[in-house]
Amino acid sequence: MKGFSPANLKYMRRFAEAWPYPDAIDQRPVGQLPWGHVIELLDKLEDAELREWYSAKDVAHGWSRPVLAH
């Protein structure tokens with residue numbers, strides 16, 4: 001494989017640390033979000049409960065990335 005930037009590799013690692021159980025991704029709203037939205041959540045929120053809340057609202061309301069970031 002190729003094409004993984006250092007920044008994306010770091011985000012992938014943070015993603016795996018933030019949601020450590022494989023079934024957590026499929027059963028939670030975060031698994032339905034585009035990668036850019038996941039990066040916003042990782043960058044803006046340290047609290048796991050807040051990340052879950054915002055990811056659920058994002059999925060429910062179909063927010064754009066700028067709306068999520070705001």
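The values are calculated or read from the model by the stated rules, or taken from the named source; none is laboratory data. Since the model is a prediction, treat every value here as computed from it, not as a measurement. With ideal geometry, Cβ positions are generated from the backbone for all residues, glycine too; neighbour counts draw on all protein chains shown.
Checked against (1) charged (D, E, K, R); (2) at pLDDT 85 or above; (3) exposed (fewer than 14 other Cβ atoms within 10 Å of the Cβ), Asp26 passes all but condition (2). Do any helices (runs of 4 or more DSSP H) entirely within the chain hold 3 or more residues that are basic (Lys, Arg), and if so, which? It comes to 6-18.
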